[in-house]
Amino acid sequence: MAEVPGSARVLVIGAGIVGNSVAYHLARLGWRDIVQIDKGPLPNPGGSTGHASNFIFPVDHSREITDLTLDSVRQYREMEVFTQSGGIEVARTPERMQELHRRMSSAIDWGIESELLTPGQVAEKVPYLDPSVILGGFYTPTVGVVDSLRAGTIMRERAQQLGALTSVPTVEVTGMDVEHGRICRVRTNKGDIEVGTVVVACGVWSPKLARMAGAAIPLTPTVHQMISIGPVPQFADTTGEINFPIVRDMDTGCYERQHGQEMEIGSYAHRPILHNAEDIPSIEQSKLSPTELPFTADDFDLQLEQALELMPDVLGNPDVGIRYAINGLLSMTPDGSPILGESPQVDGLWSAAAVWVKEGPGVGRMVAEWMTDGNPEFDLHGADIARFYPHQRTRRHVRARAGEGFNKTYGIVHPSEQWSSNREVRLAPMHADEEALGAVFFEAGGWERPHWYNSNETLLGDYGDQVMPREAEWDSRWWSPIINAEHLAMRERAAIVDLTAFVVFDVRGPGALDLVQRLAVAQMDVAAGRVVYTSLLDERGGIRADLTIMRLGEEHFRVVTGGATGMVDLAWFRRHLPSDGSAYLVDVTSSFSTIGLWGPRARDVLGSLTTDDVSHEGFRFATCRTIEVDTVPTLASRISYVGELGWELYVPMEEGARLWSLLREAGEPFGLVPAGIGVYGTTGRIEKGYRAHGAELDTEHTLVEAGMTRPKVKDADFLGREAYLKQRAEDPVAVMCTLTVEDHTGPDDVKRYMLGGEPILTPDGAPLVDASGRRSYVTSAGSAPSLGKHVLMAYLPPEHASVGTHLTVDYLGHRYPVVVGSTDATGLFDPDNERIRR
């Protein structure tokens, strides 16, 4: 058996499916001197991989997760450890049946063969299921099971055959040393390892390991109950591991699947049972393994009754008994996504955690690519470890959200659904006034942000059907026509928007200009007082960020970015700081409150509070300066994400409430209203065709495809410039387009309104596929009240990207006619941008 070496180029901690995948793909990409350790024996060291049910359903509403899953299946197939069985998600309720139609839309989005089945058709494929209990099913023939332990062994052996990997089992990490902000040493019970790069890929133990280095991997070990029953007579004449489709009984949070002569039944419906990583028993203390805890039968009683309803011939048979039952541990995160990438707290410390078996090899490949050249093939912003704010790394937050999220594993989760646990963590200074106005709060980065104000309900009478009311409950959930009324009031008069959730950080020092010039596509060598809207690219020309930068002085720039992506953007800047210390970052988010003031009367409102010149000539668009608003010194930035005249106003946090009150009072004669993020983030921007990062913009698309190229490319070098120049010289593979829905009439003559994620199809229902194999789907959807239209945004193949082209959109199983309204960044509303520059 190999001994622990005294040094390594990279250390992978964990020998489950993820750790083995990372080790192999690093080796494949040319890394050598890779060391892998695990405190358990090989090939099954006792982690979650060892007791996983090992089935894979490829369809997910998330493109990111689907990409990782499909890539993993490809690898499993190549290793010959994948057995295709088919799988069916069944519905007991009309609400779930609607969700299965939505699953079907996602299957079309990602090009995964699937179909909806009647109860009788489900019973034909699963003859031991009672069709009278269900309303239908969603069938995916490419569902299957894998031998994840064998796959891990194959990848580990392949890395060893390349002469790249030394694997040492039964080695426990006892500490980590960090010097000058970087990991430098890992201490084990069998000796120290000098190493500058460490991958934590040990599942439920990951938080414990990260804390040894002074960092956080915010997940919590969570129980998933599973039993195995048998022998099942219906399986007596079958051979191999599985012959029938796997069944997900979604409304009861259970799954049932054949495993040889037995049936496994697992549940995500029982009470959340959370553990601390430090409290997981050792191998010596465990009867089975550290992640197979004693079964608590009372928690499973209801699930067993519901499984009996669905499969009475199996579970009602007195000869079929429980053979095996565990409280198995898996990893749950605060937002349900994996935790991948280099820690923003400790350089060289990488996370590959909270990953299911179905995503393991895909994650291994992406993390290895990320470590090698910084550019994984898939956009992983939703899984980036840097996304977490400090409060989101705390144990209390992690446990609260993991507990809430566990029962949503098989839940019907609305695209706009909000978390209910651990709220009111970060409050804007005007929060009390917003509450008094009946604000309905959505969360962003822990901030409570008004999405609309019930006090504006009176506007509904003013605008009537212009607010485009929605009759269907699903379409109107987490939405209100008040949003559209606030929008119309802003377009007619003026509105103020609480933007305190912005992430704001300063770039300072003699090297500040060099840093922002190196990262930004736009020219940053501008005069102090200029505001620059710019994209940031990666080396391949993928879109890494979308933000604004104000030049406040010779050696002072202020970056403003969104609350959802702010921590990732901050980490991107930090990773590119010059080694000579000539530039540094200061996160000033908690120092400033931001209020947006927009609308044709915005200048009247602001002008009534200041003696400074805020005329068009005196305060030009895309400029900023400090003005006096009554007694409040205010940094005013004339820029807009809603396509209206106005300013973003930045004031010290303690003066935010006063500025808010001043604006409300001064705005009353001009008809000013408070407006929520529903206007700022959806209606205002979508009428103007403004792109949003994470929706239209990501690393898998280019500025050319997004229609965001500038007339000229600056001479100064910047990250991604070479790739960007090449992209500009070639025809785009896809074109970002704005479309309008021409007829909303759906089944039962109810008008329906898309929410995002729906496939765009030809008039006869065929999918649109670009030359890279990507299918067209809705990236953003929302009302355009000024136009009286519901607007969609989507990337289309060039041959379909022409104004006036008629297509369709599939929404919950029904096709609706749409027409292309714009094939570039020109907005459907005010296409000449007259309002923003007046």
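Details
- Solvent exposure of the stretch 464-586 amounts to 33 Å² per residue of accessible area, where only protein heavy atoms count and the probe is 1.4 Å.
- Taking the 1.4 Å solvent-accessible surface of the stretch 56-184 as the whole, the part contributed by carbon and sulfur is 47%.
- Charge tally in the Cβ shell below 10 Å around Ile760, where Lys, Arg are +1 and Asp, Glu are -1, Ile760 excluded: -2
- The translational diffusion coefficient of the stretch 664-740, from Stokes-Einstein at 4 °C and 1.567 mPa s with a Kirkwood hydrodynamic radius over alpha carbon pairs, comes to 84 µm²/s.
- Amide hydrogen neighbours beyond the local backbone of Lys789, cut-off 5 Å, H modeled: Ala784
- The residues packed around Ala2, meaning those with a beta-carbon under 14 Å from its beta-carbon, carry a net charge of -2 if Lys and Arg are +1 and Asp and Glu are -1.
- Cβ-defined net charge surrounding Leu315, 10 Å radius [Lys, Arg +1; Asp, Glu -1]: -4
- Here the Kirkwood formula puts the hydrodynamic radius of the stretch 91-185 at 18.3 Å, using every distinct Cα pair.
- At most 12 other Cβ within 10 Å, DSSP loop - GluC sites (Glu not before Pro), the stretch 607-674: Glu617
- Cα gyration tensor shape of the stretch 86-129, rounded if a/c is under 1.5, else prolate or oblate by comparing a/b with b/c: oblate
- Counting only lysines at least 8 places from Lys751 when in the same chain, those with an alpha carbon closer than 19 Å to its own are Lys789.
- Interchain or long-range residues, amide H under 5 Å from Thr500's placed H: Thr594
- Spatial separation of Cα centroids for the stretch 166-198 and the stretch 281-321, in angstrom: 38 Å
- Amide hydrogen neighbours beyond the local backbone of Thr805, cut-off 5 Å, H modeled: Val820
- Summary of the geometry: the stretch 775-824 and the stretch 503-572, compared by the centres of their Cα atoms, lie 32 Å apart.
- Listed by number, the DSSP H helices of the chain that run 15 Å or longer by alpha-carbon position along their axis and have mean Kyte hydropathy of at least -1.0 are 17-28, 148-161, 360-373, 481-492, 656-667.
- Three-way shape call for the stretch 314-427 based on the alpha-carbon gyration tensor, with the a/c threshold at 1.5: oblate
- Of Lys688/Lys726; Lys39/Lys208; Lys125/Lys408; Lys287/Lys358, pairs whose Cα-Cα distance is over 22 Å: Lys688/Lys726; Lys125/Lys408; Lys287/Lys358
- Cα gyration tensor shape for the stretch 573-706, rounded if a/c is under 1.5, else prolate or oblate: oblate
- Using a probe of 1.4 angstrom and keeping all protein chains present, the accessible surface of the stretch 635-790 works out to 36 square angstrom per residue.
- Hz values of 3J(HN,Hα) by residue in the stretch 762-772 - Karplus curve (6.51, -1.76, 1.60), Gly and Pro given as x: 6, x, 9, x, 7, x, 9, 10, 7, 5, 8
- Surface composition of the stretch 617-687: carbon plus sulfur atoms hold 50% of the accessible area, using a 1.4 angstrom probe and ignoring ligands, DNA and RNA.
- Surface composition of the stretch 728-829: carbon and sulfur atoms hold 46% of the protein heavy-atom accessible area at a 1.4 Å probe.
- Working from Cα pairs under 8 Å separated by at least six residues, relative contact order for the chain is 12 percent.
The values are calculated or read from the model by the stated rules, or taken from the named source; none is laboratory data. In this text, all values refer to a predicted model and were calculated from it rather than measured experimentally. Using ideal geometry, Cβ is built from the backbone for each residue, glycine included, and neighbour counts are taken over all protein chains shown. Ligands, DNA and RNA are stripped out before the accessible areas are found, and what is left, the full protein with its side chains, is counted by its heavy atoms. Shrake-Rupley method; radii C 1.70, N 1.55, O 1.52, S 1.80 Å.
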